[in-house]
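Just below is one structure, and these are the notes that go with it.
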Amino acid sequence: MSSSSSYNSPCAACKFLRRKCIPGCIFAPYFPPEEPQKFANVHKIFGASNVTKLLNELLPHQREDAVNSLAYEAEARVRDPVYGCVGAISFLQRQVERLQKELDAANADLIRFACNDIQAAGQLPPPAAPQAVASTHMVPAQQPRPAGGWGGRFYQTPSFPVIPYSSMPWNDNYNPHGGVDGSI
Amino acid sequence: MKSYQEQPRSSSSCAACKFLKRRCTSNCQFAPYFRSDEPKKFAKVHKVFGASNVSKILNEVAEDQREDTVDSLVYEAEVRLRDPVYGCIGAIASLQHRMVELQRDLILARARLASYVGHCSLSSFLDDHGGLFMAPNFLDIPESNSLPFDQFGRFHFP
């Protein structure tokens, strides 16, 4: 973190706001004068007073990450005023769903081959229909839910459960007594 | 002609004007998107972005895009209020992490499939199954060539 006020040089925020950058300026550690665009974007989208309130609600060690995430979101919103960084969330969500489907298909093929192998080896009678091991995923609870009323056009928390790959019976880490090794 | 009783009861002010304690005019910019029965929606957006900033953003976009704009702003505000430190960046990081896990699992699953199928028929098998054997470049996110996480998952400003 830089403290431009200690060098008698106003931080980017105070330069932009045309005010004196006092010692202890809340913006100074996070908006160095050599990055004027960072504050310009944040101020344009969130406003200096809102950022001040937000930073005051956080612990000092959290503020740098908070400012950087605000700067990232502000830049995304400047580039894409309609969707901002929510567009990226929507894109990633589609990628996750696509990969999940592909993994499910691959696991289904593996089950078929595994069953064929068992039958061909003659070790067991024809097995019963394999249990559903569709590897679906429960997104962690902290995944945000979208605001109501917009028809789910953006990121939504998927609602399907998961069986992790490492618990599949063909996996070296499989524990027939339950539990997941978690090493994969 | 509709009778008076058939007309829906309308509030005189939208949620934004109620919150801001001002008169809601007939051409209020916020009225189409912040109905009076959804007061929290505007409150969240106002707390994070501020009414004047929202107004400026709406003025920048075409009218047919304003509903989506408001929806994304509401979503972003909600996420920021839940996670004041990382906001939507936390959601992006979580999704990226999940993508990496899925890609890794997919590669492993296909490697195991290859051992069943056999080398001589591997190429035709992959053709039948989409052929995505190599990990895709999942960082190819539109309008975002650099994401603020390094290889260890630590957040940093790009």
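The values are calculated or read from the model by the stated rules, or taken from the named source; none is laboratory data. Predicted model, so just to flag it, every value in this text is computed and none were measured. Note that we place each Cβ from the backbone using ideal geometry, even for glycine, and neighbour counts take in every protein chain shown.
Observations on the model:
- Among residues of region B:49-69 being over 13 Å from A:Ile45 (Cα atoms) and of a type in the set (A, V, I, L, M), the one that is surrounded by the fewest Cβ atoms within 10 Å (Cβ to Cβ) is B:Ala62.
- For region A:1-105, the helices (runs of 4 or more DSSP H) that sit wholly inside it and include 3 or more residues that are within 8 Å of chain B (Cβ to nearest Cβ) are A:36-45, A:48-56, A:60-79.
- A:Glu102 falls short of the stated requirement of being at pLDDT 95 or above, acidic (Asp, Glu), more than 30 Å from B:Asp68 (Cβ to Cβ) and surrounded by 16 or more Cβ atoms within 10 Å (Cβ to Cβ).
- Odd one out for B:Ile89, checked against (1) out of contact with any strand residue (DSSP E or B) (no Cβ under 8 Å at 6 or more places or on another chain); (2) within 28 Å of B:Tyr33 (Cβ to Cβ); (3) assigned to a helix (DSSP H, G or I): (1)
- For region B:39-66, taking the residues that are facing chain A (nearest Cβ under 7 Å) and farther than 20 Å from A:Leu70 by Cβ, the one that is farthest from the chain's Cα centre (by Cα) is identified as B:Val61.
- Residue in region B:126-148 that is among the hydroxyl-bearing types (Ser, Thr, Tyr), at pLDDT 95 or above and outside any loop (DSSP other than H, G, I, E, B) present: no
- Test: residue in region A:19-27 that is closer than 19 Å to A:Glu75 by Cα and under 27 Å from the mean Cα position of the chain (by Cα): yes
- Residues of region B:67-104 that are within 8 Å of chain A (Cβ to nearest Cβ) and of a type in the set (Val, Ile, Thr): B:Thr69, B:Val74, B:Val79, B:Val85, B:Ile89, B:Ile92.
- Considering residues of region B:105-115 that are more than 7 Å from chain A (Cβ to nearest Cβ) and not β-branched (Val, Ile, Thr) only, the residue farthest from A:Asp104 (Cα to Cα): B:Ser115
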